Amino acid sequence: MARIASGDMKERLAVYFIMGSQNSERPAADVLKEALDGGVTLFQFREKGQGALKGADKEALARQLQHLCRAYGVPFIVNDDVELALAIDADGVHVGQDDEDARCVREKIGDKILGVSAHNVEEAMAAVDAGADYLGVGPIYPTSSKEDAKEAQGPDVLRRLREAGITIPIVAIGGITAANAKTVVEAGADGVSVISAIASAPSPPTGAAAALAEAVRAARTR
Ligand code: 3NM
């Protein structure tokens, strides 16, 4: 298997849904299935924070959600757990600046997808150098879904990264909704990454996912 091509990665980042069992009172598999029906293009299993599953329970949920993603042809990314990603043969791993070093992760996962969180030009350049396939940049807007989230930076951070010559795929994260998706894509993001806009949407979240997909699609053709 070869590394994912940049153009394919950009397509995949259109509607990047992130979720763990802690993000919804409903069964995660139900929420994910309904979101996939709405047009989610990439999924990240992020089992983190208060009440997060561990060990065998975490792996069992990961396998269940991975199975669903496979049925929809949507890549399954694991947040900050290389061991789990390798054990279940996930499609990729996403790491933050405080997680395992991106270069070490790249060595361990071979050609699987590697996503790295970056908050500024320096971190973005280091991530590219370490072999990232895409950058997650945020928080763009205030978020209540990440306990240790930094201060919201606004869409200008995306513009600064592009102006600094960062050309790899970028997904914007933090407080993104169908209403502001256009703004972040126009500022330089290839797509949007969300937890609450889908996981906390009225049930079923199919329409919320479809609205995000439509907003990104419309902004991309401008
Ligand atoms: N990472 P919501 S913000 C998981 O800034 C995550 O790197 C962030 O959730 C970062 O869509 C965030 O509900 C939470 O705002 C995004």
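Data for the structure
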quantity: Dipole of the chain, positive direction: furthest Cα of I88, G73, T143, with charges on the beta-carbon; calculated: G73
quantity: Reach of K112 by Cα under 17 Å, taken over lysines that are not fewer than 8 positions away in the same chain; calculated: K10
quantity: Average accessible surface area per residue within the chain, 1.4 Å rolling probe, Å²; calculated: 45
quantity: Shape call, the chain: gyration tensor on alpha carbons, a/c limit 1.5; calculated: rounded
quantity: Residue-level accessible surface for I4, protein heavy atoms, 1.4 Å, Å²; calculated: 50
quantity: Segments 56-62, 12-18 sorted - mean Cβ within 10 Å per residue, highest first; calculated: 12-18, 56-62
quantity: 3J(HN,Hα) from dihedral phi, region 196-202, Karplus parametrisation 6.51/-1.76/1.60, rounded to Hz, x for glycine, proline; calculated: 5, 4, 10, 5, 9, 6, x
quantity: Accessible surface ranking that places the most exposed of E163, E186 first, with a 1.4 angstrom probe; calculated: E163, E186
quantity: Potential extension, S203-K54 segment - 0.36 nm per residue separation minus Cα distance; calculated: 51.0 nm
quantity: Calculated FRET value between M1 and E147, using beta carbons and R₀ = 35 Å, to 0.05; calculated: 0.50
quantity: Where labels lie 7 Å past Cα in the beta-carbon direction, separation of E163 and D111 in nm; calculated: 3.8
quantity: Mean separation of Cα contacts under 8 Å (6+ apart) over length of region 105-222, as relative contact order %; calculated: 21
quantity: Over region 17-110, relative contact order from alpha-carbon pairs under 8 Å, at least 6 apart, %; calculated: 24
quantity: Value of relative contact order over region 179-222, rounded to a whole percent, pairs C-alpha under 8 Å and six or more apart; calculated: 52
quantity: Carbon + sulfur, % of accessible area of the chain - ligands and nucleic acids excluded, 1.4 Å; calculated: 49
quantity: Dipole magnitude (debye, nearest 20) for the chain, charges at Cβ of Lys, Arg, Asp, Glu; calculated: 600
quantity: Dipole in debye (nearest 20) - region 80-127, about Cα centre, beta carbon charges: Lys, Arg +1; Asp, Glu -1; calculated: 200
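The values are calculated or read from the model by the stated rules, or taken from the named source; none is laboratory data. Values in this document were obtained by computation on a predicted structure and should not be read as measured data. Cβ: placed from backbone, ideal geometry, glycine included. Neighbour counts: every protein chain shown. For the accessible areas, the whole protein counts, side chains as well, though only heavy atoms, and no ligand, DNA or RNA atoms are used. Shrake-Rupley method; radii C 1.70, N 1.55, O 1.52, S 1.80 Å.
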